[in-house]
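Here is the structure we will look at.
Every number in this text was worked out from the coordinates using simple rules, so none of it is lab data. Because the structure is predicted, anything quoted here is derived from the model rather than measured. When we count neighbours, we look across all protein chains shown, and the Cβ atoms used for this are built from the backbone with ideal geometry, even at glycine.
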Amino acid sequence: MGRKAEHPVPYRPARLPDDEAVARAAALRRRMEARRSVRMFSPDPVPERVVLDAIAIASTAPSGAHQQPWTFVLVSDPQVRRRIREAAEAEERISYDGRLGDAWLAALRPLGTDADKPHLTDAPYLIVVFQQRFAFDDDGGVRKHYYVDESVGIAVGMLLTALQVAGLAALTHTPSPMRFLGELLGRPRNEKAFAVIPVGYPADDCVVPDLRRKPLDEVLVRI
Ligand code: IYR
C-alpha cells in the first residue's frame, strides 16, 4: 500500500535481537498488567512534561486516512475542573437515578461507581479527549473524517499506556451525555467529547475493585 503512496519514503527501523524483543515485551506486559482504573487521586502535582509527552504519544496513533481526528484539552485550572465536576455529577445523578436502566446499573454494581465524581477535582490534570467528526476546509466547507471512533479509541489506548509506563494513574471516564464538555471548554461544532481522563497519582488510601482479568487463553484464538 505504502509502496504506491503519492510520495513514499524509506522506512527501515533496526530489528531488535529476539532476546531483546522478548525481554521488552515481557517487561511491558508486567507493567501494563499492573494498570488499574483509579478513582481516588492524590492532589499532588505531577510533572507536566510527562503528561505532554503522553499526549504526544497518543497523537502518534494510526487514524483513518491519516486524518488524526482528535483534540486533547489539558485542564489544570481548578475552577474549570470544578465546573466540569458539577456538570458531570448533574448528568450522572440522572443516570444513576434511573436513566441507565436496571441491567446497566446491575452490571456496574461490582465496581461500586456512583454519581459522586471527586476524581474530577482531586486529580491535578484532566485530559478531555474530543473526536473531530469532520474538518473545516479553508473555503468554509466541511470535509468528512473516516473511522473516527476507531482512531480516537486507539489514541486513548496509547495515551493510557503512556501514562501507565510513566508511573501515572488515570481513569477513562465517560459521563453521559457529554455535550456539556464542548460547551464548557468552548470547542468548535466539529468536535464531540469522547472521554474525560483524570491523571495523577493514586491517593495514599486508594482502593480499587477486586477484578480479575481474562487470562490469555480466554481472549486468544490461534489458528
Ligand atoms: N458513565 C457513568 C457510568 C459508568 C458506565 C460504565 I460502562 C462504567 O464502566 C463505569 C461507569 C460513570 O462514569 O459513573
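Annotation: amide H-H contacts under 5 Å for residue 194 (H modelled 1.01 Å from N, sequence separation of 5 or more, or interchain): 129, 130, 131. Semi-axes of the equivalent ellipsoid of the stretch 74-223 are 27, 22, 18 Å, computed as sqrt(5λ) over the eigenvalues of the C-alpha gyration tensor in descending order. Assuming R0 = 35 Å, what is the FRET efficiency of residue 48 and residue 103, from their Cβ-Cβ distance, to the nearest 0.05? Using R0 = 35 Å, I get an efficiency of 0.25.
Here the Gaussian network model covers the chain, with springs between Cα atoms less than 10 Å apart; of 47, 202, 69, 47 fluctuates the most. Just checking the listed ones, 55, 197, 94: in the Gaussian network model of the chain with Cα springs under 10 Å, the one fluctuating most is 94. GNM remark for the chain: springs join alpha carbons under 10 Å apart, and the peak mean-square fluctuation among 141, 182, 200 falls on 141.
Label separation (residue 142 vs residue 220): 4.4 nm, computed from points 7 Å beyond Cα along the C-beta direction.
For a protection proxy built on the mean count of beta-carbon atoms within 10 angstrom, sort 110-120, 156-166 highest first, please.
Top to bottom by mean Cβ count within 10 Å: 156-166, 110-120.
Only the Cβ atoms of Lys and Arg (+1) and of Asp and Glu (-1) were treated as charged; on that basis the dipole of the chain about its Cα centre amounts to roughly 580 debye.
The Rg/Rh ratio for the stretch 38-135, using Cα coordinates for both the radius of gyration and the Kirkwood hydrodynamic radius, is 1.03.
For a straight C-alpha distance cut-off of 30 angstrom, the lysines reachable from residue 144 (same-chain residues fewer than eight places away being disregarded) are 4, 192. 3J(HN,Hα) along the stretch 207-223, derived from phi through the Karplus expression 6.51 cos²θ - 1.76 cosθ + 1.60 where θ = phi - 60°, amounts to 10, 9, x, 7, 9, 10, 8, 4, x, 3, 5, 8, 10, 10, 10, 10, 10 Hz, with x in place of Gly and Pro. Can you give me the C-alpha center-to-center distance between the stretch 55-133 and the stretch 140-164, rounded to a whole angstrom? Cα centroid of the stretch 55-133 versus Cα centroid of the stretch 140-164: 15 Å apart. With r as the distance between the Cβ atoms of residue 154 and residue 116 and R0 = 30 Å, compute the FRET efficiency 1/(1 + (r/R0)^6) and round to 0.05. It comes to 0.45.
For the pair residue 77 and residue 5 in one chain, pulling the backbone fully straight at 0.36 nm per residue adds 21.6 nm over the alpha carbon distance.
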